[in-house]
Amino acid sequence: MHLHAASFAQRISIKANNVSLEQVFGEIKKQTRYDFVYEEALIKRIAPINVNIQNLGLEAALQQILQDKALDYSVTDKIVTIKHQLASKKTDVLPAVQPAITVRGKVTDDKGNPLPGTLIQEKGKGGKAVSEVGGNYMITVPSLEAVLIFSFIGFQSQEIRVGEQRTIDIKMVPAERDLDQVVVIGYGTVAKKDLTGAVGTADIKEMEKAPVVNFDQALAGRVAGVQVSNNDGQPGQEANIVIRGGNSLTQSTAPLYVVDGFPMEDFSSSALSNFDIASISVLKDASATAIYGSRGANGVIVIETKKGQAGKPTVDFSASFGAQRVMKKMDMMSGYEFVKYQSEIYPTLAERYYLDNVGKELEDYRGVKELDLQDRLFRTAPISIYNIALRGGNTSTRYAVSGSLFDQQGVIVNSSNKRYQGRLSLNQTISDKLKAGFVIGMAKNTVDGTPVRTGTSTATSYTLYRTWGFRPVTGTGVDLGDLLVDPESEGLNLMVNPVISLENEVYLNTYSDLNINAFISYEMLKGLTLRVSGGTNSRTNPYKYFYNSQTYRGNPINPSNFRGQYGGIINRSASGWVNENTLTYRKYINKNHVFDIMGGFTMQRRDSDSFGFEADNIPNEELLFSSLGGGTPYRNTSTQTYHTLASFLARGNYTLMTKYMFTASMRADGSSKFIDKNRWGYFPAGAFAWRMKNEEFLKDISVISDAKLRLGYGVTGNNRVRDFDRAPGLVYTDWNAGYSFGNTVPDKGLIMESMGNRSLKWESTVQSNIGLDLGLWEDRLQLTVDLYKKNTKDLLLLANLPRTTGFIREYRNIGEIENKGLEITLNTINIKKKDFSWETNFNIAFNRNKIISLAENESNFLSTVGFDSNFTSSSPYIAMVNYPAALYYGYIWDGNYQYSDFDEVSPGNFVLKPTVTTNGSSADKIQPGDIKYKDINGDMVVDDNDLAVIGNPEPIHIGGINNVFNYKSFSLSAFFQWSYGNDNLNANRLIFEGNGLFRPLLNQYATYENRWTPDNQNNELYRSGGHGPFGAYSSRVIEDGSYIRLKTLSFSYTLPESLSAKVYASNLAVTFSGQNLITWTNYSGLDPEVSTRHSALTPGFDYSPYPMARTFVFGITAKF
């Protein structure tokens, strides 16, 4: 056959002999881009034809081609539907073909909105149609016995027998509660009713309502057993996610992410727009995660993005605008109370700056104008979010193009986050057996602003220290708010205006992400499919900082500034590729036996590097980074590393009589991070599920719509150490190894940085799970309960070493940690009526974490937090065998010393009684009103032997509850999230509730007005100057960090079709959303959700956090 074709302006020209109708339709599609829908069996009955068409329009061409063939056509929205001619038309061709039946109708969603792109096909046949933009469809079937299947992603499929019906209107029902809902798991999908493992799914529709930049900030409280927390409220920061408790002490506890089939350990949520996410599945137990082997121990989050759908192209658009404000400010001392306090703690300075020396008395400071720098540091900040997507396609080609912009100004001056994101996907059905597709995602995320929770080695260097501590009044009436430096502060007590400093600081991170995934699949035999996929992802991160003379760090009169005006640029980049090859076989035997077997091989590599230059004493500071070359070189850095992974994997699923389901999997991983003999790790898993509902004893109990029992057991692994920790590390530096010849600038030297450990091997986690899935009253109530236990052995632990080795720590496979818990998820449809519905989603999770063993002969180890040099010798955290991974450690606060604890040896001269213990200071230094600690061992002296566990940062339970109300065109949802039973260490109180550093001219929290005085002898807050020894942590600053928060409140109103049609929209709605609206808590800090020094060993530490923002946005959503 030779086929010659040409077209001009959708004019058709075809000249061909002995060609099938399918080939002719295919050529017309190429020339006109019109899609064809028809029953395959009908077209194949037509014998090959000769075609000679020259420059005809579509209608004329179709009429000539279909002449005398008993076929008819219709054209709607660039879709040509081929069908039988109506029985009334005379024909003597194909007499065996029965008169066709044409069925028409409209497809809508549960709210009555048109549902374009719905696939309508005849069951067991080839006839297909797709609903148009208005939801209308038309399809021809051969007989009254034909059954039509209506299907659309996110809705339950429906089967309707045609019979005598010629118009069939369908209202699709959302599939959120449908047991046939498809859940994405490792290397495949499975119907929810057939799950054997513990897999949680997030409600994406509800998550999209949260006005946040990253999906992880909307995930908290949505899935049982998934703990999501933020360090603080800094724009652009990503959340900490832990699934079923942390498995490691010194290594990452973050889950593995799989986005569109691409596994990533160092995934950044900022690379993906919430608007593009179609589903999130959380694989929690070993039977679900073991297929990812070495990286599945911390759980797996599987994300699928939105793809194109068959039907006329649709455009989705949303825009929202709003504002953010801090949720809370700290109440500080008034001017009067501040001067009163200064006269107690530093009476000489008080006289000089506030009283006699300036001709004033204390009463003169009542009602004077006061300065609170919180009012200048914090601001009302705008936020705007834009999303747009074009999606469409036909039964062969589906495409999606999307873009988003998120622009957030921070609630602290000179802080912001701005992200551009774009995504393109294409899926092509090349033939019945061959399919291919690709996804390209790009994002650029700019995060601006010095992290408020970071500082140097002194507490005074932190932004909120200088904000809260700045004097509210001066004796001369000078307004300090416009001055860079408080003129009456000096030396180490220098107070630099934090607002002016931040406005002059440059701290800029730019993240550029590119992710490309592609696949091709081929059905080699019926049920046997080969899938080959590959992908690459890359991230570049230029980091720039600059501190000029108007900043705290660059100010020349700052005594701790040895670098002058300084800055630097560090360029970081990471890239990787993955190739995965799987062969899947699915077989049905007599409907009682279903086999699903998968095997595969994967390869992966990850490269990363960084290069930087930093300089001191930079001239021409106004030129910023272009002047770096004129400064004194401070530090040049360069790093480069990589790792590779090769894996074999297999999984088999077998279902017997729709009642008994078995799953077994095995994965073998070989990692370049370990030497040859330890390179490979093997991770088996198995699961069994029993659908009790299908047993005879439950079949007739109508109240029970589903009941399934699940059992699972398996082994997963972890290789998250640095790429070359197996080998000794060398460092070339002038810091620790330099030597000065002739008193010149030190030359660099090469020294060992780490010992290396060639014995390193895989960390393994053994996990067992038992679960129950129960549905009642036609699934109006759905309950899922899971009990689990997991033990992580051969911990990749940064273990302590004897000092005689010359090193402090090295990575070793040592120790064991256990997590066990209970998860409950309850979904209910409380009311379901024509115009009103109310649904509730509830989940709660309990996890208990315990260290089983540590290094040899080690029952505990301590962890410090470096926020001030006075506290570096104190360890506020301890990890102990048979206890949780992190506990607060310090002295037990015992109130204040009272007069009864002393002998008054002369009027006003008190000496501590010999029967009363000290607080770490010598007895002669202790006075009434000083802080008091418990003497645990009874030796009358408080020292390291009296340190004890003083709190637990691990919550007893976490959870969330979401209520969704729909009334006609109105929708309201309210989502509450909580954490209960966890403690926080509020280190801010060490400084601002008693001045634990004994700094002059430092303001305090208003709560300190209730301190101990001779006229106010209490056991709550010690007297001025009664803080005891420097650097002591005690239970006084351990607080209950429990909270419940109205996390997201969303309201929407869908406009009538008559109004939306005026702007050519099929759906138009106005929306309101609020985030972090109300928090109920007893915690005294800015926010109970805080961890400014976050790690598995140091959670819940609070010092100078960026405040959480309360957000309000108004917006519109539209579909065209």
For region 99-122, does any single residue satisfy the condition of being modelled with pLDDT of 80 or more, of a type in the set (Val, Ile, Thr) and part of a loop (DSSP other than H, G, I, E, B)? yes
Single condition Glu145 does not satisfy, out of (1) acidic (Asp, Glu); (2) under 11 Å from Val107 (Cα atoms); (3) at pLDDT below 85: (2)
Return the total of residues in region 373-414 being out of contact with any helix residue (DSSP H, G or I) (no Cβ under 8 Å at 6 or more places or on another chain) and not in a strand (DSSP E or B). 8
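Looking only at residues that are buried (at least 17 other Cβ atoms within 10 Å of the Cβ) and small (Gly, Ala, Ser) in region 834-875, which one is farthest from Pro955 (Cα to Cα)? Before you say what the answer is, go through the steps one by one.
Initially, region 834-875 is screened for residues buried (at least 17 other Cβ atoms within 10 Å of the Cβ), giving 837, 839, 841-847, 849-851, 854, 861, 863, 865, 867-868, 870-871, 874-875.
Now restrict to residues that are small (Gly, Ala, Ser): 837, 845, 863, 874-875.
Numbers: Ser837: 34, Ala845: 10, Ser863: 20, Ser874: 24, Ser875: 21 Å.
Here the answer is Ser837.
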Give, as residue ranges, the strands (runs of 3 or more DSSP E) completely inside region 223-342 that count at least 2 residues that are in contact (Cβ under 8 Å) with a residue 12 or more places away in the chain and within 14 Å of the chain's Cα centre (by Cα). 226-229, 240-243, 256-259, 277-283, 300-305
Those residues that are modelled with pLDDT of 85 or more and out of contact with any Phe, Trp or Tyr (no Cβ under 9 Å at 6 or more places or on another chain), I need them from region 708-733; list them, please. Tyr713
Looking at region 683-710, I want the residues that are closer than 30 Å to Ser647 by Cα and have a partner that is basic (Lys, Arg) and crowded, with 18+ Cβ neighbours inside 10 Å with Cβ atoms under 9 Å, at least 6 apart or on another chain. Which pairs are those? Phe683/Arg667; Pro684/Arg667; Ala685/Arg651; Ala685/Arg667; Ala687/Arg710; Phe688/Arg710; Ala689/Lys708; Ala689/Arg710
For the subset of region 354-373 comprising residues that are under 51 Å from the mean Cα position of the chain (by Cα) and surrounded by fewer than 21 Cβ atoms within 10 Å (Cβ to Cβ), which member is nearest to Gln428 (Cα to Cα)? Asp372
Among the listed residues Leu1059, Leu1097, Leu1077, which satisfies the condition of being in a strand (DSSP E or B) and farther than 30 Å from Phe338 by Cα? Leu1077
Which of (1) closer than 25 Å to Val452 by Cβ; (2) surrounded by fewer than 23 Cβ atoms within 10 Å (Cβ to Cβ); (3) of a type outside the set (Gly, Ala, Ser) does Glu1057 not meet, given it meets every other one? (1)
Just to verify a result, which residue in region 625-660, among those that are aliphatic (A, V, I, L, M) and modelled with pLDDT of 90 or more, is farthest from the chain's Cα centre (by Cα)? Leu628
Looking only at region 326-353, and only at residues there that are within 18 Å of Phe992 (Cα to Cα) and of a type in the set (Asp, Glu), the one that is surrounded by the fewest Cβ atoms within 10 Å (Cβ to Cβ): Asp331
Take the residues of region 389-417 that are surrounded by 17 or more Cβ atoms within 10 Å (Cβ to Cβ) and in contact with a Phe, Trp or Tyr (Cβ under 6 Å, 6 or more places away or on another chain): which is modelled with the lowest pLDDT? Gly393
Out of Asn919, Asn962, Asn937, which single residue is in a strand (DSSP E or B), more than 22 Å from Ala886 (Cβ to Cβ) and either of a type outside the set (A, V, I, L, M) or in contact with a Cys (Cβ under 6 Å, 6 or more places away or on another chain) (or both)? Asn962
Residue by residue through region 8-44, note down the ones that are surrounded by 14 or more Cβ atoms within 10 Å (Cβ to Cβ), of a type in the set (D, E, K, R) and under 19 Å from Ala100 (Cα atoms). Glu39
Assess whether Arg679 counts as being surrounded by 13 or more Cβ atoms within 10 Å (Cβ to Cβ) and in contact (Cβ under 8 Å) with a residue 60 or more places away in the chain. no
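For Asp194, indicate whether it is among the acidic types (Asp, Glu) and assigned by TED's automatic domain parsing to the domain that holds Ala278.
On the way: among the acidic types (Asp, Glu): yes; assigned by TED's automatic domain parsing to the domain that holds Ala278: no.
The answer is no for Asp194.
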Condition first: over 25 Å from Gln309 (Cβ atoms), at pLDDT below 80 and either among the charged types (D, E, K, R) or part of a helix (DSSP H, G or I) (or both). Can you find one or more residues in region 48-62 that meet it? yes
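What number of residues in region 985-1010 are of a type in the set (D, E, K, R) and assigned to a loop (DSSP other than H, G, I, E, B)? Let's see the steps before the verdict.
Going residue by residue through region 985-1010, those that are of a type in the set (D, E, K, R) are 989, 993, 999, 1009.
Those left that are additionally assigned to a loop (DSSP other than H, G, I, E, B): 993, 999.
Total satisfying the criteria: 2.
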In region 784-806, what count of residues is obtained for those that are surrounded by 17 or more Cβ atoms within 10 Å (Cβ to Cβ) and of a type outside the set (Lys, Arg)? 11
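Without any contact (Cβ under 8 Å) to a residue 12 or more places away in the chain, at negative phi and either buried (at least 19 other Cβ atoms within 10 Å of the Cβ) or in a strand (DSSP E or B) (or both): which single residue out of Asn636, Asn561, Asn581, Asn541 fits that description? Step through it out loud before you land on a result.
Values: Asn636 fails: without any contact (Cβ under 8 Å) to a residue 12 or more places away in the chain; Asn581 fails: without any contact (Cβ under 8 Å) to a residue 12 or more places away in the chain; Asn541 fails: without any contact (Cβ under 8 Å) to a residue 12 or more places away in the chain.
Only one candidate qualifies: Asn561.
Any idea which residue in region 305-325 is farthest from Phe275 (Cα to Cα), counting only those that are β-branched (Val, Ile, Thr) and surrounded by 18 or more Cβ atoms within 10 Å (Cβ to Cβ)? Even if it seems obvious, please write down each step before you answer.
Kept after step one, since they are β-branched (Val, Ile, Thr), are these residues of region 305-325: 305, 314-315.
Right, trim to surrounded by 18 or more Cβ atoms within 10 Å (Cβ to Cβ) and you get 305, 314.
Details: Thr305: 9, Thr314: 15 Å.
Here the answer is Thr314.
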Could you list, ordered by first residue, the pairs with Cβ atoms under 6 Å in which the first is in region 186-201 and surrounded by fewer than 19 Cβ atoms within 10 Å (Cβ to Cβ) and the second is among the charged types (D, E, K, R), at least 6 apart or interchain? Ala191/Asp180
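The values are calculated or read from the model by the stated rules, or taken from the named source; none is laboratory data. On a predicted model such as this, the values are computed, not experimentally measured, just so you know. Neighbour counts are summed over all protein chains in view; Cβ atoms, including those assigned to glycine, are modelled from backbone coordinates with ideal geometry.
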